[in-house]
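The block underneath contains the structure these notes are about, expressed in structure tokens.
The values are calculated or read from the model by the stated rules, or taken from the named source; none is laboratory data. Computed from a predicted model, the values in this text were never measured in an experiment. Please note: Cβ atoms are built from the backbone with ideal geometry, for glycine as well, and neighbour counts cover all protein chains shown.
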Amino acid sequence: MEKMDAFPLTVKSSEKQETLCIFGTGDFGRSLGIKMLQCGYSIIFGSRKPQMSNLLPKGAEVLNYSEAAQKSDVIILAIHREHYAFLTELTEVLSEKILVDVSNNLKINQYPESNAEYLAQLVPGAHVVKGLNTVSAWALQSGALDASRQVFICGNHSKAKQRVMDIVRTLGLSPLDQGSLMAANEIENYPLQLFPMWKLPFCLSTVLFTIFFFYCVIREVVYTYVYKKEDASFRMAISIPNRVFPLIALTLLALVYLPGVLAAILQLYRGTKYHRFPDWLDHWMLCRKQIGLVALGFAFLHVFYTLVIPIRYSVQWKWRNITATQVSLRKDNPLNTTSAWLSDSYLALGILGFFLFVLLGITSLPSVSNMVNWREFRFVQSKLGYLALILCTAHTLVFGGKKIFNPKSLRWYLPPTYVIALIIPCTVLVIKFILMLPCINKTLTRIRQGWERD
């Protein structure tokens, strides 16, 4: 332990020729060696076959494991767990050394203990640190580290962790101390998780699309065939999706703000902010950004599908027939000012709502959100977000017009889809309006500032 206390806490400019050892000459080991050489370190590779060093970067020395381990106090293990057995033969050489475990498994929780904990059991005299397992060899080679710049570090020895974190910073990465080696299992599971925060948005959008799509098929295809003996199946390609996409976008946008109002109701009911929310609500609130981005994607699909309406064959056929009928009858339909107002209002509300929708999506990007302070970010995501929800809801209401309450719009007692899609947005807006009433908002603000009701 006294030897470890002599380790420097930072990598100074005069120490850039510090020697580091890498066990393993695979893709990750070579890529890490190249990156470290570029950052000024002296690199020694430990290999089973030192003579086969053609693929290794120039300037790096290649020795057998025992000789390489004696050259440096920091040894990075770029090898798989299955090959750790030989380390028991180097127990004396590795004593008081810092072993950085960068390994990953093929599946989550593949072994009872983490790879780093298993390594600590094999070499009890060494100081094991888990880290660098979330960075890929491709990212190290190409320099495209924006997506994987954060590196999680854990270990039982504070000075060993600090030494590794200093090396990580020198490589241009951002280390994050996760605590003791018990966190290694969680760190090793990070690279194996596939879009963990996107599962809920994808499931929601899939369920909503399925429900709305088949609902529209029943109303517009099956109903038409049963009662009019007309084949309207072609509508499933453009018309029905163009009805479904905006409804999904509006519903998902409302679901972004619904957990916030539910959380406010819970805080008012409990009279304190120091109670944990239910797990489902907590996870829902953490996924709001992803839900909003998926909603923006469906809004874009609605815009694209709307733009192709004039070139559709069925639309052109309908316009030609109407024109031919009016010419043959020498009949001209007068302009209906009310319909014109409704049409222009519907389009204007949709354009403004879509503009704010895009603004919300752009602001949520890390490169943009890092450039604004918390108050500006909250103003855009909260104030302008609710304004976007109001405009999109009004866009749907104006589109429905008088047909919303017209009994003739029912088919098999089924209301139009946009009527169903308005339920959640209108509910969110009504609850939000109630929460904004001075008598309620004052109490809620006091609770969020730490006040508790006895």
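The table for this structure:
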{"item": "Test set (1) at pLDDT 90 or above; (2) over 12 Å from Leu173 (Cβ atoms) - Ile108 fails condition number", "result": "(1)"}
{"item": "Matching entry among Arg411, Arg375 (being more than 21 Å from Ile240 (Cα to Cα) and of a type outside the set (Asp, Glu))", "result": "Arg375"}
{"item": "Which listed residue is over 26 Å from Phe300 (Cβ atoms), in the same structural domain as Trp280 (by TED's automatic domain parsing) and of a type in the set (Val, Ile, Thr), from Thr251, Thr210, Thr206, Thr224", "result": "Thr224"}
{"item": "Filter pass, Ile390 being exposed (fewer than 15 other Cβ atoms within 10 Å of the Cβ), part of a helix (DSSP H, G or I) and modelled with pLDDT of 85 or more", "result": "no"}
{"item": "Among residues of the stretch 314-359, those that are modelled with pLDDT of 85 or more and farther than 24 Å from Gly401 by Cα, counted", "result": "2"}
{"item": "Residues located in the stretch 319-358, provided they are among the acidic types (Asp, Glu) and more than 30 Å from Leu389 (Cα to Cα)", "result": "Asp332"}
{"item": "Every pair of residues 6+ apart whose Cβ atoms lie under 8 Å, when the first sits in the stretch 347-374 and is at positive phi while the second is at pLDDT below 80 and surrounded by 15 or more Cβ atoms within 10 Å (Cβ to Cβ)", "result": "none"}
{"item": "Selected residue (only one of Val164, Val151 is part of a helix (DSSP H, G or I) and in the same structural domain as Arg30 (by TED's automatic domain parsing))", "result": "Val164"}
{"item": "The stretch 9-54: number of residues that are modelled with pLDDT under 85 and touching a helix residue (DSSP H, G or I) at 6+ places or on another chain (Cβ under 7 Å)", "result": "3"}
{"item": "Complete set of residues in the stretch 297-334 that are closer than 25 Å to Thr396 by Cβ and either in contact with a His (Cβ under 6 Å, 6 or more places away or on another chain) or not in a helix (DSSP H, G or I) (or both)", "result": "Val308, Arg312"}
{"item": "Strands (runs of 3 or more DSSP E) lying entirely in the stretch 40-113 (those with 3 or more residues that are in contact (Cβ under 8 Å) with a residue 24 or more places away in the chain and not polar (S, T, N, Q))", "result": "42-46, 74-77, 98-101"}
{"item": "Candidate set: the stretch 171-203, residues that are under 21 Å from Met36 (Cα atoms) and either crowded, with 18+ Cβ neighbours inside 10 Å or in the same structural domain as Gln290 (by TED's automatic domain parsing) (or both); chosen: the one farthest from the chain's Cα centre (by Cα)", "result": "Leu171"}
{"item": "Only one of Ser174, Ser158 that is touching a Lys or Arg at 6+ places or on another chain (Cβ under 8 Å) and among the polar types (S, T, N, Q)", "result": "Ser174"}
{"item": "Filtered residues of the stretch 279-337 (kept if among the charged types (D, E, K, R), in contact with a helix residue (DSSP H, G or I) (Cβ under 9 Å, 6 or more places away or on another chain) and over 30 Å from Leu365 (Cβ atoms))", "result": "Arg312, Lys331, Asp332"}
{"item": "For Leu397: the one exception among (1) free of Cβ contacts under 8 Å to residues at least 24 places away in the same chain; (2) touching a helix residue (DSSP H, G or I) at 6+ places or on another chain (Cβ under 9 Å); (3) part of a helix (DSSP H, G or I)", "result": "(1)"}
